[in-house]
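Structure first, commentary second.
Here, each number is a calculation from the coordinates, and none is a lab measurement. Note that this is a predicted model, so its numbers are computed, not measured. Positions of Cβ are backbone-derived with ideal geometry, glycine not excepted, and every protein chain shown enters the neighbour counts.
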Amino acid sequence: MKQYDLVIKNGTVVTTTDMYPCDIAVKDGKIVAMEADIEPELAEKICDASGKLVLPGALDVHTHLQMPFGGTVSADSYLSGTRAAACGGVTTIFDYPVQHEGETILGLVNSKKAILETDACVDYAMHCCITNLNGGEILDEMEKAVEEGITSFKCFLVYKKEGMMVDDATLARLLLRARELGAIINIHAENPDLIDMYTEQFLKEGKTSAWYHYLSRPEFVEAEADKRAVHWAKNLDAPLYVVHMADKEGLEACIDAKRAGAEVYIETCPQYLEFTCDVYKREDGRNFVCSPPMKGQESQDALWQALKAGLIDTVATDHCPFQSYEKDWGKDDFTKIPNGCAGVENLYPYMLDAPNSGKLTFQQVVAVCATNPAKIFGCDNKGSLVVGKDADIVIYDKEKDFTISVSNMHSDYDHTIWEGKKLHGYPVQTYLRGQLVYDNGEFVGKPGMGQYVKRSPKK
């Protein structure tokens, strides 16, 4: 019997601080050895990674799969969304099931797990979105949820009319309870009253194109809510994770809080790094509608600068695609456009292209896409190539040219905002706990391979 199930030879391992030649041996889904030269005869299977980078699988800690929104459901099911993830080098996804009045955390999460157990092609975890405290019962249930490995909860400071927004008192209660339990609150920061005011004004004036989606949610509308959330977290001494940061002013407020010693984490998304609000002036601008929207050039520049300086903690996608005909509902009324774009398959390839232009290093990309999200959210066995951790491994060919098209993606949507984007370098293999799930353009895994990731609370 062979000593190892798999040995990856001759590759260059990338960590958050280093790049070095190293072989990796895998047994029973775990990394069991990392040495300069592991004998190939000891392995059942060999992967020759000569000339290639060997990376930890990415964690996309912000996806919305099978999510009801605006009278429809996001285009990617748990099966197609996790299949796409595997093909882009993402080995763990986090979903955001939304709790409504009367629903329990565990009831909601378990209903999603029941689907994922049969459909998931990569490992999975969940942040539960809290919209109602159910008379205080949710605060009690959070303890049981943390014991079950659900250590993060999301709050919306927007979507008031949809019944999803929490008021400041509810946010404060959740922040304090999360702090007590070693959990963390994630926040979607926008101001609904300002959005509603601008929306009403634009519709009255007959201004209905996608451009007015941006103008109804400009930088300062997001920034106000960023600042308010940070204010509460700082003064309540509670950890806070700000999702999909897109604006310069809010970013600066979060960075200032970090420097002052507050436990504030910042996430941004590839769409804010690649596109500005000018896309909403395009004929197909509705396809780019998401919340928050892409912002101006100044905000985009600030995001890249903060990433390079190590001040943004994670990059995730907010993956929530809709079909073209659904986006077309808002052709003449931006308020009817379902909010969301594709991204889970593009996350790692897009970010790994950044070293080509000197915007980031490969080590920095591994930090924001793998190691940092694993640490922040208590995924003890994920996020880095270390003996004892899960063998979630991506083989990356930094010389492979690739052009993104809906035709070569592995999701169920019929268009992508990334159409035509050229990348230099692309993943050629993805291993999930040592099992090959993606191989040179093809998904080779099986639905149901993914496992639930039970996360650890903060100490």
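The H on the amide N of residue 62, modeled in the peptide plane, is under 5 Å from the matching H of 94, 317, 318, each at least 5 residues off or on a different chain.
Less than 22 Å apart at the alpha-carbon level, and either on another chain or at least 8 residues along: which lysines does that give for residue 359? Partners found: 52, 248, 295, 308, 398, 400, 421, 422. Once you have a ≥ b ≥ c as the square roots of the Cα gyration tensor eigenvalues for the stretch 53-211, tell me rounded if a/c is under 1.5, and otherwise prolate or oblate according to whether a/b is larger than b/c. Verdict is oblate for the stretch 53-211. Summarising the amide proton neighbourhood of residue 341: residues at separation of 5 or more, or on other chains, whose placed amide H is nearer than 5 Å comprise 320.
The aspartates and glutamates within cross-link reach of residue 144, meaning a Cα-to-Cα straight distance under 16 Å and a gap of 8 or more places when in the same chain, are 103, 180. Is the C-alpha gyration tensor of the stretch 119-185 telling us rounded, prolate or oblate? Criteria: a/c under 1.5 is rounded; beyond that, a/b larger than b/c is prolate, otherwise oblate. Oblate. Here the dipole of the chain is about 420 debye; that uses its Cα centre as origin and unit charges on the Cβ of Lys and Arg (positive) and Asp and Glu (negative).
Over its Cα atoms, what ratio of radius of gyration to 2.2 N^0.38 Å does the stretch 243-337 give?
On the way: Rg = 14.9 Å, N = 95, 2.2 N^0.38 = 12.4 Å.
Computed over Cα atoms of the stretch 243-337, the ratio equals 1.20.
Working from Cα pairs under 8 Å separated by at least six residues, relative contact order for the chain is 22 percent.
Could you list 424, 127 so that the one with the fewest beta carbons within 10 Å of its beta carbon is first and the one with the most is last? Provide the component values of the computation, followed by the final result.
Values: 424 14, 127 24.
Fewest-to-most ranking of 424, 127: 424, 127.
Converting phi to 3J(HN,Hα) with the Karplus coefficients 6.51, -1.76 and 1.60 and the offset θ = phi - 60°, the stretch 376-383 yields 4, 9, x, 8, 5, 9, 10, x Hz in sequence order, with x at every glycine or proline. Which residues make up the longest stretch of the chain that has no GluC sites (Glu not before Pro) in a DSSP loop with at most 10 other Cβ atoms within 10 Å? After excluding every exposed loop site, the longest remaining stretch is 284-459. Taking each DSSP H run with n ≥ 4 as -39500 (n - 2.57) and averaging over every residue of the chain yields -8500 deg cm²/dmol at 222 nm. Using a 7 Å offset from Cα along Cα-Cβ at residue 301, what residues in the stretch 205-249 end up with backbone N under 14 Å from the label point? Only 248-249 fall inside the zone, counting backbone N under 14 Å. In terms of its C-alpha gyration tensor, the stretch 57-376 comes out rounded, because the ratio a/c of the largest to the smallest axis stays below 1.5.
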